[in-house]
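Working notes, structure below.
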Amino acid sequence: MCGIIGYTGFEEATGKVTCGLEILEYRGYDSVGICAKGQDGIKLLKTKGRVSSLNEALSKSPIDSAFCAIGHTRWATHGAPSDTNAHPHNVGRTYLVHNGIIENYKELKAELEKGGVKFLSETDTEVGCALINKYYEEGCDPHTAILKATGFMHGSYAFAIMFEGEDNTIYAVRKGSPLIIAKGIDGYYLASDLTALLPFTKVYCSLNEGEVVRLTKDGAFIFNKGEPDWKVTNMSFESAKKGGYDHFMLKEMNEQPNAIKNALSPRIKDGLPDFSCDGIDDSFFEDIKEIHIVACGSAMHAGLLAAPIIEGLCMVPCRSYIASEYRYNPPFTQKGTLVIIVSQSGETADSLASLRYAKSQGLKTLGIVNAVETTIAREADFCAYTYAGPEIAVATTKGYTTQASLLYLFAVAMSFKKGITDKENAKSLTECLFFEAPQVVEQTLERGEEIKAIAKEIYESQSIFYIGRGLDYALSQEASLKLKEISYVHCEAYAAGELKHGTISLIERGTPVIAIATEEALFDKMDSNIKEVKSRGSHTVLICTDKMENAHACADRVFVLPRSSRIGGIFGAILAVQMIAYEVARLRGCDIDKPRNLAKSVTVE
Ligand code: M6R
């Protein structure tokens, strides 16, 4: 949700900032801007559109000899995407970019207007800029001006700020929104996320809540602390590039066999699950009476898939909750409720707020997070990284499969430690997850032509339904989200037995209904449900395991998953639906990696 970047150093700044903005575009891409200190003072350029529009503007109006700049790519919250609402904002002698939301901006704005400030945009950010500028112009030094102003702000922010009179210096502060600073051989950087800085350096430091930092070409200084505690990332710039694929989504889908292995391998010892690398020992499981998985979007769907598996294997109640509801409609908790927060980005505002809520209730928390050193990873009592590598496409693929596989392994670990699953079964489940699931994923990926044929039959439809029972219903929900997110086709997921309680009235001649059937015990029921919609004219597609004997008689088109156990079937089906979404979006000419209205990292509530 908005990406910010800054650089000050010995080299030209605008190229570095626009390069970082291109990488940050996944966080928002409706408008973009830069301000840089050139020979004639601070110059600001901003425009509706993407970084390519900014590059065009810069080619017409270059900012030469600028060694310090801040930039922003926006996902609009307050005020529609427009040149005026784009960041950076400038009030008086202050220039600023912002990621987050100042919730009380209306009150602050009214006060500032009384004092004579005239606002140009509809944004909350311009209000933040005006407030900091007020204290700066009243004579406060930048650090004091920032502290005084942010003291009045409610909400979340990561600000990067340039002040007239503070040449080639960037100040920054964060609360609730991510911010990383970094040190290169050519100067100092900041960004919303480390991937944007990988072309320049691997030495970074994550800022803590409330910390204010000053960057100059000679150093970084965290107020009240001093020199940052620098770390070196092992992420490579290559891993954040498309690597010859048409889209990041396609690349990331293809990375899944390895991603699943990377997620699981640190937690397997002698063929058995072992989470000791995450600080989780036997005692961790002892007092767990129930589990709440809390997350948003696909991460919540990974929870929907995992919850019945955990309940079944561990004999404790487990439910997946939507994070934006969790603390406003809080479920019953008790001493012994474990709250698992699942998040690819580690920064999703509602998931983070749920984590904080759970901690405020004294509950034990575990983060399942991909992006290293992010706020959820740092604030959770325990954190198990999914190690999927950078995920750039807005639609998550390897993020989801690694979350699902890690949650599954967690269930096996807990069941084994509690003595519910014996060693032999724990080993066999672990083996299926580690060897079979990636293999089935790989084999499914090789069947692109069959998926393309399915996509051709359905891509012009107005509306598509996914149906499934048991775990396949959870898979259907993820399948439906993936399809509508990137192809803009209306799609709904239904528990297969539920359609006839109302929604079946929407089925018309040709309406595609895609059934997922990996649950052997439910094949007969699925068979009946598919016939119900087929006899009402729908075009039926069935994704099933080879154990469903009458599959070809039952649906118009059948995609038989590679032969495998139950676990392999689940992961094969996930891949098939991701590939269907991708192919449908491609046929419809959609912007697959950057679907409209969306952003990768949702750092506002
Ligand atoms: O970064 P997170 O895993 O916390 O993100 C949660 C959702 O915003 C995310 O999964 C979203 O639903 C995806 N874009 C779906 O593909």
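The values are calculated or read from the model by the stated rules, or taken from the named source; none is laboratory data. Remember, it's a predicted structure, so these values are computed and weren't measured experimentally. Virtual Cβ from ideal backbone geometry, glycine too; neighbours counted across all protein chains shown. The protein model used for the area step is the full one, side chains on, heavy atoms only, and it has no ligands, DNA or RNA in it. Shrake-Rupley method; radii C 1.70, N 1.55, O 1.52, S 1.80 Å.
Of the residues making up region 317-353, those that are touching a residue at least 40 places away in the same chain (Cβ under 8 Å) and either in a strand (DSSP E or B) or more than 13 Å from the ligand (Cβ to nearest atom) (or both) are 333, 334, 335, 336, 337, 338, 339, 340, 341, 342, 343. Reported count of residues in region 1-44, each being within 22 Å of the chain's Cα centre (by Cα), of a type in the set (Gly, Ala, Ser) and not in a loop (DSSP other than H, G, I, E, B), is 3.
Per-residue answers, yes or no, for (1) among the hydrophobic types (A, V, I, L, M, F, W, C); (2) more than 15 Å from residue 451 (Cα to Cα); (3) open to solvent by 50 Å² or more (accessible area, probe 1.4 Å):
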| position | (1), (2), (3) |
| --- | --- |
| 507 | yes, yes, no |
| 530 | yes, yes, no |
| 559 | yes, no, no |
| 593 | no, yes, no |
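Of all residues assigned to region 231-253, at least one qualifies as being buried (at least 17 other Cβ atoms within 10 Å of the Cβ) and of a type in the set (Asp, Glu). Taking residue 415 as meeting all but one of (1) under 27 Å from residue 579 (Cα atoms); (2) more than 16 Å from the ligand (Cβ to nearest atom); (3) open to solvent by less than 10 Å² (accessible area, probe 1.4 Å); (4) of a type in the set (S, T, N, Q), write down the number of the exception. For residue 415, the failing item is (1).
Of all residues in region 354-377, those satisfying the criterion of being within 11 Å of the ligand (Cβ to nearest atom) and among the small types (Gly, Ala, Ser) are 354, 367, 371.
Candidates are the residues of region 378-389 that are assigned to a loop (DSSP other than H, G, I, E, B) and away from the ligand (no atom under 12 Å from the Cβ); the one that is farthest from residue 359 (Cα to Cα) is 389. For region 50-76, enumerate the residues that are over 30 Å from residue 218 (Cβ atoms) and either in contact with a Cys (Cβ under 7 Å, 6 or more places away or on another chain) or outside any loop (DSSP other than H, G, I, E, B) (or both). Scanning region 50-76 gives 52, 53, 56, 57, 59, 60, 74, 75.
Is there a residue in region 390-412 that is among the charged types (D, E, K, R) and either assigned to a strand (DSSP E or B) or over 16 Å from the mean Cα position of the chain (by Cα) (or both)? Among the residues of region 390-412, not one is among the charged types (D, E, K, R) and either assigned to a strand (DSSP E or B) or over 16 Å from the mean Cα position of the chain (by Cα) (or both), which makes the answer no.
Where residues in region 354-375 are at pLDDT below 95 and either in a helix (DSSP H, G or I) or of a type in the set (Asp, Glu) (or both), which of them is nearest to residue 601 (Cα to Cα)? Ranking the qualifying residues of region 354-375, first place goes to 375.
Here's a check for you: in region 268-300, which residue that is within 16 Å of the ligand (Cβ to nearest atom) and not in a helix (DSSP H, G or I) is surrounded by the fewest Cβ atoms within 10 Å (Cβ to Cβ)? Top of the filtered list is 296.
Residue-wise test of (1) of a type outside the set (Val, Ile, Thr); (2) away from the ligand (no atom under 16 Å from the Cβ).
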position: 495; (1), (2): yes, yes
position: 518; (1), (2): no, yes
position: 590; (1), (2): yes, no
position: 603; (1), (2): no, no
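Just one of the listed residues (482, 427, 456) is closer than 16 Å to residue 582 by Cα, touching a residue at least 12 places away in the same chain (Cβ under 8 Å) and either within 16 Å of the ligand (Cβ to nearest atom) or crowded, with 17+ Cβ neighbours inside 10 Å (or both), namely 482.
For residue 599, the conditions (1) of a type in the set (Gly, Ala, Ser); (2) open to solvent by less than 20 Å² (accessible area, probe 1.4 Å); (3) within 18 Å of residue 401 (Cα to Cα) are fulfilled apart from (3). Filtered by the rule that a residue be more than 17 Å from residue 475 (Cα to Cα), within 22 Å of the chain's Cα centre (by Cα) and surrounded by fewer than 22 Cβ atoms within 10 Å (Cβ to Cβ), region 301-327 gives 324, 325, 327. When you check residue 218 against the structure, is it in contact (Cβ under 8 Å) with a residue 24 or more places away in the chain and charged (D, E, K, R), yes or no? No: the conditions fail for residue 218. Give the residue that is farthest from residue 513 (Cα to Cα), with candidates limited to residues of region 535-557 that are in contact with a strand residue (DSSP E or B) (Cβ under 8 Å, 6 or more places away or on another chain) and surrounded by fewer than 17 Cβ atoms within 10 Å (Cβ to Cβ). For region 535-557, the residue satisfying everything is 546.
With respect to (1) part of a helix (DSSP H, G or I); (2) of a type outside the set (D, E, K, R); (3) within 14 Å of the ligand (Cβ to nearest atom), the lone exception for residue 313 is condition (3). The selection criterion, being open to solvent by less than 20 Å² (accessible area, probe 1.4 Å), at pLDDT 95 or above and either closer than 22 Å to residue 391 by Cα or among the hydroxyl-bearing types (Ser, Thr, Tyr) (or both), does not hold for residue 196. Restricted to region 435-464, and to residues there that are acidic (Asp, Glu) and part of a helix (DSSP H, G or I), the residue that is farthest from residue 490 (Cα to Cα) is 436. Candidates in region 485-505 are the residues that are of a type in the set (A, V, I, L, M) and open to solvent by 10 Å² or more (accessible area, probe 1.4 Å); of these, the one that is modelled with the lowest pLDDT is 504.
Do the conditions hold for residue 47, that is, is it in contact with a helix residue (DSSP H, G or I) (Cβ under 9 Å, 6 or more places away or on another chain), open to solvent by 20 Å² or more (accessible area, probe 1.4 Å) and in a loop (DSSP other than H, G, I, E, B)? Criteria not met by residue 47. Screening region 332-349 for residues that are of a type in the set (A, V, I, L, M) and modelled with pLDDT of 95 or more and picking the one that is farthest from residue 379 (Cα to Cα) gives 338.
Of all residues in region 10-24, none are closer than 13 Å to residue 88 by Cβ and surrounded by fewer than 24 Cβ atoms within 10 Å (Cβ to Cβ).
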